[in-house]
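The values are calculated or read from the model by the stated rules, or taken from the named source; none is laboratory data. In this text the structure is predicted, and so the values were computed from the model without any measurement. Quick reminder, even Gly has a Cβ in these numbers, built from the backbone with ideal geometry, and neighbours come from all protein chains shown. Note: areas computed on protein heavy atoms with side chains; ligands, DNA, RNA excluded. Shrake-Rupley method; radii C 1.70, N 1.55, O 1.52, S 1.80 Å.
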Amino acid sequence: EIFCVLGLMGTELYTAIEGMVFDYSRETGDEKIHSFKLPVQDAANGYAADWHPVEKNHEIAAQAMADEIAKVMGW
């Protein structure tokens, strides 16, 4: 499985990624590629250098990704 993931620092490009994954899957028949939008980092947790996520926001994103992988894999 391949997961194309975006969103922790913003979702502006997500629609393009989602469209590319859809087009690729349709054109090739490959059903093992997925797009997934992470939750945008929570400002209340703070920011690291240049608006990068802090540990807490990485933890939130990691849990969201783990949940999505489990759903796709049927775990």
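Descriptive notes on the structure:
- Selection of trypsin sites (Lys or Arg not before Pro), the chain, meeting DSSP coil and at most 12 other Cβ within 10 Å: Lys32
- Semi-axis lengths, largest first, of the ellipsoid equivalent to the chain are 26, 15, 7 Å, with √(5λ) applied to each eigenvalue of the Cα gyration tensor.
- Backbone HN-Hα couplings from phi across the stretch 13-20 [Karplus 6.51/-1.76/1.60, Hz, Gly and Pro as x]: 9, 4, 4, 5, 4, 4, x, 5
- Local electrostatic count, Trp75, Cβ distance below 14 Å [Lys/Arg +1, Asp/Glu -1]: -2
- Carbon + sulfur, % of accessible area of the chain - ligands and nucleic acids excluded, 1.4 Å: 58
- Phi-based couplings in Hz for the stretch 29-35 (Karplus 6.51, -1.76, 1.60; Gly and Pro marked x): x, 6, 9, 9, 10, 9, 9
- Per residue, in Å², the accessible surface of the chain once ligands and nucleic acids are set aside, probe 1.4 Å: 68
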